[in-house]
1. Considering each of 44, 69, 56 in turn, give the residue that is at pLDDT 55 or above and either open to solvent by 40 Å² or more (accessible area, probe 1.4 Å) or part of a helix (DSSP H, G or I) (or both).
2. Scan segment 123-146 and tell me whether some residue there is touching a Gly at 6+ places or on another chain (Cβ under 8 Å) and β-branched (Val, Ile, Thr).
3. Could you identify the single residue in 110, 137 that is more than 18 Å from the chain's Cα centre (by Cα) and among the polar types (S, T, N, Q)?
4. Can you run down the residue pairs with Cβ atoms below 6 Å, 6 or more apart or on separate chains, where the first is in segment 96-123 and touching a residue at least 12 places away in the same chain (Cβ under 8 Å) and among the basic types (Lys, Arg) and the partner is assigned to a loop (DSSP other than H, G, I, E, B) and exposed (fewer than 14 other Cβ atoms within 10 Å of the Cβ)?
5. So which residues in segment 115-142 are acidic (Asp, Glu), open to solvent by 30 Å² or more (accessible area, probe 1.4 Å) and part of a strand (DSSP E or B)?
6. In segment 102-114, what residues are open to solvent by less than 70 Å² (accessible area, probe 1.4 Å) and assigned to a loop (DSSP other than H, G, I, E, B)?
7. Of the residues that make up segment 64-85, is at least one in contact (Cβ under 8 Å) with a residue 12 or more places away in the chain, farther than 18 Å from residue 146 by Cβ and among the polar types (S, T, N, Q)?
8. Can you name the condition, by its number, that residue 149 falls short on among (1) open to solvent by less than 30 Å² (accessible area, probe 1.4 Å); (2) out of contact with any helix residue (DSSP H, G or I) (no Cβ under 6 Å at 6 or more places or on another chain); (3) of a type outside the set (Gly, Ala, Ser)?
Amino acid sequence: MSSASSSVRRIAATVLAAGAVVGAAALPAAAHDGDRHHQRPRVEIGRVQADSPGREDRSNRSLNSEWVEITNTTRDGINLRGWTLRDRDGNRYRFDNVRIAPRATIRIHTGNGRDTRTDLFQDRRDYVWDNGSDTATLRDDRGRTVDTESWGRRR
């Protein structure tokens, strides 16, 4: 019986040791999965200029002084085709065939203008972003929220 008891203890010790090895290997993977929600998005809303400097007279100059910056934080270019930028009231700008370069920033202006690599224009005749309080939401081409930026107090 002593040898049977000894064998059982060796098997139990082996099973426990194997369980510890598997558990230790799984721990970093589980910790990494939990961190995924805290990583910076690949494309993010940077700065927002909701309050046009100077007089708000709906001139194109004043409208284009209202803008949102979008930054690609990766080493790869990203095509934003079908992505949207919205305010809390539901005003929406849909990106056409726009490619944002690696680690680059583009600025989306409210008024009219000619799109370039760094500046896009919504071609609106009225302000989009509320000066006191609003939320900018960036969604990908599948409608998933990529990033949001809020300011002020919601009424």
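1. That would be 56, the only listed residue that is at pLDDT 55 or above and either open to solvent by 40 Å² or more (accessible area, probe 1.4 Å) or part of a helix (DSSP H, G or I) (or both).
2. no
3. 110
4. 99/77
5. 119
6. Selection gives 102, 104, 110, 111, 112, 113.
7. yes
8. With (1) open to solvent by less than 30 Å² (accessible area, probe 1.4 Å); (2) out of contact with any helix residue (DSSP H, G or I) (no Cβ under 6 Å at 6 or more places or on another chain); (3) of a type outside the set (Gly, Ala, Ser) applied to residue 149, the lone miss is (1).
The values are calculated or read from the model by the stated rules, or taken from the named source; none is laboratory data. All values derive from a computational prediction rather than experimental measurement. Every residue, glycine among them, receives a Cβ derived from its backbone with ideal geometry; neighbour counts consider all protein chains shown. Accessible surface areas use protein heavy atoms only, side chains included; no ligands, DNA or RNA. Shrake-Rupley method; radii C 1.70, N 1.55, O 1.52, S 1.80 Å.
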